[in-house]
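In what follows, a single structure is set out as structure tokens and then discussed.
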Amino acid sequence: MMNEIIAVVIFLACLAVIFTDKLHRTTIAIAGAILMVAAGRLLGFYSEPAAIAAVDFNTLGLLLGMMILVAILEPTGFFQFLAVWAGRISMGRPVRLLVLLGLVTTVLSMFLDNVTTVVLVAPVTILICEILGIQSVPFLVAEAILANTGGVATLIGDPPNILIASAAGFSFNDFLVHSLPLILIVWLVALLLTRYLFRKELEGRPTNAEAVIQLNPKEALDDPKTVRRVLVILGTTIGLFFLQELLGLSPAFIALSAASVAMIWIQPPMKQMLERIEWNVLLFFTALFIMVGGLESAGVLKLLAELISRLQVIPPLIFDVVFIWVVAFLTALVGSVPITIGLIPVIQQLELNGMNVIPLWWALAFGAGLGGNGTIIGSMANIIVASLSERTRTPITSKLWNKRGLPVMLATCTVISILYALWFPSFSR
């Protein structure tokens, strides 16, 4: 029992520090991973080979491949082009601008990294709002919320989906069939509720709408040739994701192959490209895998799975809906990635205990994806837009986010629970 207690203490201590200091979460996670391996070696329940085996390289490979494509596309001005285009099409009308910017961010986040998307779109959003003479807060919050929500729709749209797909063996098409239709409805609810919650801020009339109408999106494009090439590669990559089961290829192989083709064809400056890759995110994932591997080797996750197995007397549908809500609230408090990595081995153990866990995987995806909207620390996209808002006269605070994000989380989790119940038979197959 001593092994289990020590492993749990190390893991929870690291999560507690990460919860209070998100900016240095990678350093904390690496320290926790080293401590977990050291304690495991000392007590005989964990080792370096076991720690390496605990790392999901399929997930890391998929993330790295997509990050390389984004790193090549980032300096071309493509993201800024889309944001300026949305501003111009809106004709300076706040509600229309909210919808268009939210739509642009969502579509990008379904196929690219959420954090990179908001990092590049949010500054242009702030600039457009300053030109119009309106608050940027509604647009920044909406972009983060809608990016988090839309990302649940596809395998590559959100890190928890990538983790779940790798563990459960789900394909890109599985998410399009099971997740996309439901998330489209949930996304619309999130958009309408966000628009309602910010109705007062969106009532103001822009003071300089003509200036936005006169903006030329093409001026934001610094390298149209590279944009065309990357979009061709991205389109081909997504097409291969559709065919991955037929071809017998893993998502990681497809993404890394696409990244290799892009580097050979475009030949970007390697140093600048490597600097734009989010290595801290990859290291954070790796450290969490190692810590959770320690929990599994110590027997903690097996005990937790056995405890949950006793709840099988509850009807599966009710159990899974409750699971969505539990995951959502844990995600709002800690973040989606730690919760997902921690729960994946538990679900795998439940499967070994004879439980049909296929619906539970989808419940985990929905809870982790939508729970991030609840608090300012629920997802990295939230933290990014909050940090960028500090440049403006109305920075986004935790109190403000709770008033807007928490109602959206509660509403979207309610809607997804209803839809999940209605579609439950399809999730069981």
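Nothing in this text is a laboratory measurement; each read-out follows from the coordinates by a stated rule. Worth saying up front: this structure is predicted, and the values here are computed from it rather than measured. Quick reminder, even Gly has a Cβ in these numbers, built from the backbone with ideal geometry, and neighbours come from all protein chains shown.
Can we say Leu311 is touching a Phe, Trp or Tyr at 6+ places or on another chain (Cβ under 8 Å), free of Cβ contacts under 8 Å to residues at least 12 places away in the same chain, not in a loop (DSSP other than H, G, I, E, B) and not acidic (Asp, Glu)? Working first, answer last.
Numbers: touching a Phe, Trp or Tyr at 6+ places or on another chain (Cβ under 8 Å): yes; free of Cβ contacts under 8 Å to residues at least 12 places away in the same chain: yes; not in a loop (DSSP other than H, G, I, E, B): yes; not acidic (Asp, Glu): yes.
Answer is yes for this residue.
Residues of the stretch 189-230 that are exposed (fewer than 13 other Cβ atoms within 10 Å of the Cβ) and over 23 Å from Ile134 (Cα atoms): Lys218, Glu219, Lys225, Arg228.
Being in a helix (DSSP H, G or I) and either surrounded by fewer than 18 Cβ atoms within 10 Å (Cβ to Cβ) or among the small types (Gly, Ala, Ser) (or both) is the filter here; which residues of the stretch 416-426 pass it? Selection gives Ser417, Ile418, Leu419, Ala421, Leu422, Phe424, Pro425, Ser426. Run Glu201 past the list (1) touching a Pro at 6+ places or on another chain (Cβ under 9 Å); (2) closer than 28 Å to Ser417 by Cβ and report the number of the one that doesn't hold. The failed condition is (2).
Within the stretch 389-402, is even one residue touching a Pro at 6+ places or on another chain (Cβ under 7 Å) and closer than 25 Å to Val281 by Cβ? It would help to see each step written out before you state the result.
Step one: list which residues in the stretch 389-402 are touching a Pro at 6+ places or on another chain (Cβ under 7 Å), which gives 389.
Filter once more, keeping what is closer than 25 Å to Val281 by Cβ: 389.
Checked against the condition, which is being touching a Pro at 6+ places or on another chain (Cβ under 7 Å) and closer than 25 Å to Val281 by Cβ, the stretch 389-402 yields at least one hit.
Taking each residue of the stretch 171-187 that is within 22 Å of Pro251 (Cα to Cα) and looking for partners that are hydroxyl-bearing (Ser, Thr, Tyr) and assigned to a helix (DSSP H, G or I) with beta-carbon atoms closer than 9 Å, six or more apart or interchain, yields Val177/Ser426; His178/Ser426; Ile183/Thr149. The single condition among (1) more than 30 Å from Lys200 (Cα to Cα); (2) in contact (Cβ under 8 Å) with a residue 24 or more places away in the chain that Gln135 does not satisfy is (1).
The residues of the stretch 160-176 include none that are under 17 Å from the mean Cα position of the chain (by Cα) and charged (D, E, K, R).
Entry remark, the stretch 267-300: residues being outside any helix (DSSP H, G or I) and under 23 Å from Met66 (Cβ atoms) number 5 in total. Quick check on the stretch 273-320: of everything there that is over 20 Å from Arg41 (Cα atoms) and among the β-branched types (Val, Ile, Thr), which residue is surrounded by the fewest Cβ atoms within 10 Å (Cβ to Cβ)? Among those that are over 20 Å from Arg41 (Cα atoms) and among the β-branched types (Val, Ile, Thr), it is Val313. The residues of the stretch 218-236 that are in contact (Cβ under 8 Å) with a residue 40 or more places away in the chain and among the small types (Gly, Ala, Ser) amount to a single one, Ala220. Residues that are within 22 Å of the chain's Cα centre (by Cα) and surrounded by 19 or more Cβ atoms within 10 Å (Cβ to Cβ) were ranked within the stretch 241-272; the one that is nearest to Ala54 (Cα to Cα) is Ala252.
When you scan the stretch 44-59, do you find a residue that is in contact (Cβ under 8 Å) with a residue 24 or more places away in the chain, farther than 30 Å from Gly299 by Cβ, surrounded by fewer than 22 Cβ atoms within 10 Å (Cβ to Cβ) and in contact with a helix residue (DSSP H, G or I) (Cβ under 8 Å, 6 or more places away or on another chain), even just one? No, every residue in the stretch 44-59 fails to be in contact (Cβ under 8 Å) with a residue 24 or more places away in the chain, farther than 30 Å from Gly299 by Cβ, surrounded by fewer than 22 Cβ atoms within 10 Å (Cβ to Cβ) and in contact with a helix residue (DSSP H, G or I) (Cβ under 8 Å, 6 or more places away or on another chain).
Scan the stretch 356-377 and tell me whether some residue there is within 14 Å of Val137 (Cβ to Cβ) and of a type outside the set (Lys, Arg). Looking for residues that are within 14 Å of Val137 (Cβ to Cβ) and of a type outside the set (Lys, Arg), one finds at least one in the stretch 356-377, hence yes.
Report yes if Thr26 is surrounded by 22 or more Cβ atoms within 10 Å (Cβ to Cβ) and among the hydroxyl-bearing types (Ser, Thr, Tyr), otherwise no. Taking the combined requirement at face value, the residue does not satisfy it.
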